[in-house]
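Peer 1: Dropping the structure in here first, questions after.
The values are calculated or read from the model by the stated rules, or taken from the named source; none is laboratory data. These numbers were taken from a predicted model, which means no experiment stands behind them. With ideal geometry, Cβ positions are generated from the backbone for all residues, glycine too; neighbour counts draw on all protein chains shown.
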Amino acid sequence: MNSKVALVKCQSFNYDYSLVREAIREAVESLGGFSAFLSPGERVMLKVNLLMKKAPEEATTTHPVFVEALADLVTEFGCDVLIADSPGGPFVLRMLESVYKGCGYDRLERPEKPGIKLNRNVKGIERENADGRLLKRLTLIDALNDADKVISVSKLKTHGMMKFTGAVKNMFGTVPGMIKAEYHFKMPEPDDFADMLVDICEHVRPVLSLMDGIVGMEGAGPSAGDPVELGVVLASDNPHWLDLTAVKLVHIDPQDVPTLRRAVVRGLIDPVNAPAEMTGLPLKAFHIPHFKAPDIRSIEFLRGHAPYFIKHAADLMLKPRPVFDSSLCVKCGDCRRLCPPQAIAMDNAVREGYPVVDLSKCIRCYCCQELCPKEAVEIHRPLFLRLLTKF
C-alpha cells in the first residue's frame with residue numbers, strides 16, 4: 001500500500017487555536033483518522049522540534065499552539081501525551097525547563113489537562129540497531145521507553161548542512177544532549193550524516209508525522225533564518241514522503257536534500273514507481289513565493305585527482321566557513337562549548353576574546369550557527385565557490 005500525504009491550508013499566521021486544531025484534524029482524518037495509527041489507552045510521544053530557547057514567533061521551533069491542538073486531539077482520542085525533545089546543548093533538567101518556558105511550552109501542562117505532560121526524564125539509553133546502515137548501536141533519550149507510539153511534530157525550515165530540516169531530521173532530537181555533537185564529529189560528510197539521520201528515524205519509526213508549515217523558516221535556518229508565511233499543515237504516515245512533499249512545496253530540488261537522496265538509494269521511498277497518494281489539496285493549490293534556501297555545498301572536484309596537500313589547501317580556500325559578527329556576539333562561548341570537533345577558540349588576543357575558528361579542524365556542521373543564541377554566526381561562501389556552483 002502506498003504512503004499518503006495530506007496538505008491542508010491554514011492561513012492563521014497568528015496561530016489561532018481553533019483554526020490550527022481544525023487544520024490538524026482535517027489532515028489526520030484524510031489519512032484515515034487517529035484510529036489508523038493509535039489505540040485508546042496508549043502513551044504517545046509528540047516528538048517536537050525544540051532546537052533552542054526561542055520565542056514562537058521566531059519560527060525556530062514547533063509552535064506551541066500547533067502542539068497544544070494536536071495534544072488535545074490525541075488525548076480526546078483516549079491516549080496520554082508526552083511532549084519531548086532533546087534541545088541543542090547539554091541535556092539537563094535546568095536547561096530543558098528553560099527551553100520549555102522560552103518556547104512557550106510551559107503553559108501546555110495544566111491541571112485541567114492531566115493527560116498532557118512535558119518530558120523531564122533526562123536519562124539516556126543504549127539500543128541495538130541491527131538494521132542501521134551506519135549506526136548499529138544507538139544512544140537515545142530514555143523517554144522513548146515511556147511511550148508506546150511516537151508522532152513526529154516538526155517545523156518546516158531550511159538547514160545549513162542538510163539544506164532542509166523536517167520530519168526525518170526532527171528525529172535527531174531523540175539523541176540526548178552532547179551525544180549529537182559526537183555524531184556530527186564522526187560523520188562530517190553530508191551523505192554519511194544523512195544516513196545516520198535516516199538510521200535514527202527508521203529505528204524510532206514514528207507512526208505519524210505532522211509538520212508545522214503555517215509559518216516556516218527560510219534563509220539561514222534552522223535558527224537564524226527568517227520567518228515566512230506558508231499557510232500549510234502537512235501530515236503523512238511516512239516521514240520521508242512528508243519531507244519530499246514539503247521540499248517540493250517550497251521549490252527545493254529533492255536531490256539537493258541529503259536525507260531524501262539517501263532514502264531513495266536505500267529504497268525507503270520510490271518516487272518514480274510508487275508515488276505517495278496525495279490527499280487534501282494538491283501542491284499547485286499553494287502559491288509559495290520565492291523561497292530562500294541555503295546553498296552552502298562544498299566542491300569536491302579534486303577528490304581522487306590531486307595529491308592530498310593540494311586538495312587540503314583547496315578545501316581551506318573554497319569550502320564555506322563560519323564567520324562571527326562581533327557587533328552581535330556577546331562572547332558567551334556557546335559556539336566553543338558546542339563545537340563537535342572543538343575547532344573554535346575564545347582565548348585569543350587577535351579578536352579580544354571573540355570566537356575564532358580553526359578551519360583545518362572545522363567539519364562544516366554549522367552547529368555554531370545553529371545554536372548561537374544571538375544569531376551572530378553567518379556562513380560565508382567564497383566568491384570562487386559561488387561562481388562554480390552556478391554551473
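Peer 1: Considering only strands (runs of 3 or more DSSP E) fully contained in region 110-201, which possess at least 1 residues that are buried (at least 24 other Cβ atoms within 10 Å of the Cβ), in contact with a His (Cβ under 8 Å, 6 or more places away or on another chain) and of a type in the set (Ser, Thr, Tyr)? Steps first, answer last, please.
Peer 2: On the way: elements: 116-118, 124-128, 137-141, 149-159, 163-165.
So the answer is 163-165.
Peer 1: Does region 201-209 include one or more residues that are at pLDDT 95 or above, of a type outside the set (S, T, N, Q), within 13 Å of the chain's Cα centre (by Cα) and within 22 Å of Val28 (Cβ to Cβ)?
Peer 2: yes
Peer 1: Exactly one condition in (1) under 20 Å from the mean Cα position of the chain (by Cα); (2) at pLDDT 95 or above is not met by Leu135; state its number.
Peer 2: (2)
Peer 1: Next question. Can you pull out the residues in region 235-248 that are touching a helix residue (DSSP H, G or I) at 6+ places or on another chain (Cβ under 6 Å) and of a type outside the set (D, E, K, R)?
Peer 2: Scanning region 235-248 gives Ala235, Ser236, Pro239, His240, Leu242, Leu244, Val247.
Peer 1: Next question, about the same structure. From Arg94, Arg107, grab the single residue that is surrounded by fewer than 19 Cβ atoms within 10 Å (Cβ to Cβ), free of Cβ contacts under 8 Å to residues at least 40 places away in the same chain and on the phi < 0 side of the Ramachandran plot. Steps first, please.
Peer 2: Numbers: Arg107 fails: free of Cβ contacts under 8 Å to residues at least 40 places away in the same chain.
Sole residue among the options that is surrounded by fewer than 19 Cβ atoms within 10 Å (Cβ to Cβ), free of Cβ contacts under 8 Å to residues at least 40 places away in the same chain and on the phi < 0 side of the Ramachandran plot: Arg94.
Peer 1: Please go through region 216-267 and give me each residue that is touching a Gly at 6+ places or on another chain (Cβ under 6 Å) and of a type in the set (A, V, I, L, M), ordered by number. Break it down stepwise before answering.
Peer 2: So in region 216-267, the residues touching a Gly at 6+ places or on another chain (Cβ under 6 Å) come out as 217-219, 225-226, 228, 230, 232, 234, 243, 246.
Passing the criteria: Met217, Val228, Leu230, Val232, Leu234, Ala246.
Peer 1: Now, a different point. Report the residue count in region 70-109 for those that are assigned to a loop (DSSP other than H, G, I, E, B) and under 18 Å from Lys374 (Cβ atoms). Show your work before the answer.
Peer 2: Start the filter on region 70-109 by keeping residues that are assigned to a loop (DSSP other than H, G, I, E, B), which leaves 78-79, 85-92, 103-105, 109.
Next, only the ones that are under 18 Å from Lys374 (Cβ atoms) stay: 87-89, 103.
Residues flagged as assigned to a loop (DSSP other than H, G, I, E, B) and under 18 Å from Lys374 (Cβ atoms) within region 70-109 amount to 4.
Peer 1: Scan region 210-225 for residues that are modelled with pLDDT of 95 or more and either not aliphatic (A, V, I, L, M) or not assigned by TED's automatic domain parsing to the domain that holds Glu42 (or both) and jot them down. Quick ask: steps written out before the conclusion?
Peer 2: Of region 210-225, the ones modelled with pLDDT of 95 or more are 210-218.
Scanning region 210-225 gives Asp212, Gly213, Gly216, Glu218.
Peer 1: With the structure loaded, tell me whether Arg381 is surrounded by 14 or more Cβ atoms within 10 Å (Cβ to Cβ) and at pLDDT below 85 or whether it fails that test. Outline the logic, then answer.
Peer 2: On the way: surrounded by 14 or more Cβ atoms within 10 Å (Cβ to Cβ): yes; at pLDDT below 85: yes.
Yes.
Peer 1: Hey, another quick one. Looking only at region 261-291, count how many residues are in contact (Cβ under 8 Å) with a residue 40 or more places away in the chain, crowded, with 16+ Cβ neighbours inside 10 Å and within 19 Å of Phe164 (Cα to Cα).
Peer 2: 7
Peer 1: Still on this structure, I have one more. Can Lys9 be described as of a type in the set (Lys, Arg) and more than 29 Å from Asn145 (Cα to Cα)?
Peer 2: Values: of a type in the set (Lys, Arg): yes; more than 29 Å from Asn145 (Cα to Cα): yes.
Answer is yes for this residue.
Peer 1: Still on this structure, please answer the following. Would you call Lys157 of a type in the set (D, E, K, R) and over 21 Å from the mean Cα position of the chain (by Cα)? Steps first, answer last, please.
Peer 2: Details: of a type in the set (D, E, K, R): yes; over 21 Å from the mean Cα position of the chain (by Cα): no.
It is false that Lys157 is of a type in the set (D, E, K, R) and over 21 Å from the mean Cα position of the chain (by Cα).
Peer 1: Leu302 - would you say it is modelled with pLDDT of 85 or more, assigned to a loop (DSSP other than H, G, I, E, B) and either out of contact with any Ser or Thr (no Cβ under 8 Å at 6 or more places or on another chain) or at positive phi (or both)?
Peer 2: So Leu302 fails the test.
Peer 1: Further, regarding this structure: Taking the residues in region 32-69 that are part of a strand (DSSP E or B) and among the charged types (D, E, K, R) as candidates, determine which candidate is surrounded by the most Cβ atoms within 10 Å (Cβ to Cβ). Even if it seems obvious, please write down each step before you answer.
Peer 2: Step one: list which residues in region 32-69 are part of a strand (DSSP E or B), which gives 43-48.
Pick out the ones that are also among the charged types (D, E, K, R) and you get 43, 47.
Details: Arg43: 14, Lys47: 30.
Only one residue fits best here, namely Lys47.
Peer 1: Does region 228-238 contain any residue that is more than 16 Å from Lys4 (Cα to Cα), of a type in the set (Asp, Glu), at pLDDT 95 or above and outside any loop (DSSP other than H, G, I, E, B)?
Peer 2: yes
Peer 1: Out of (1) farther than 25 Å from Ile179 by Cα; (2) modelled with pLDDT of 85 or more; (3) among the basic types (Lys, Arg), the odd one out for Lys311 is which?
Peer 2: Of the numbered conditions (1) farther than 25 Å from Ile179 by Cα; (2) modelled with pLDDT of 85 or more; (3) among the basic types (Lys, Arg), the odd one out for Lys311 is (2).
Peer 1: Which number in (1) among the hydrophobic types (A, V, I, L, M, F, W, C); (2) modelled with pLDDT of 95 or more; (3) farther than 17 Å from Arg262 by Cβ marks the one condition that Met171 misses?
Peer 2: Result: Met171 passes all but (3).
Peer 1: Name every residue in region 134-152 that is touching a Gly at 6+ places or on another chain (Cβ under 8 Å) and not hydrophobic (A, V, I, L, M, F, W, C), in order of residue number.
Peer 2: Of the residues in region 134-152, the ones touching a Gly at 6+ places or on another chain (Cβ under 8 Å) are 138-142.
Passing the criteria: Thr139, Asp142.
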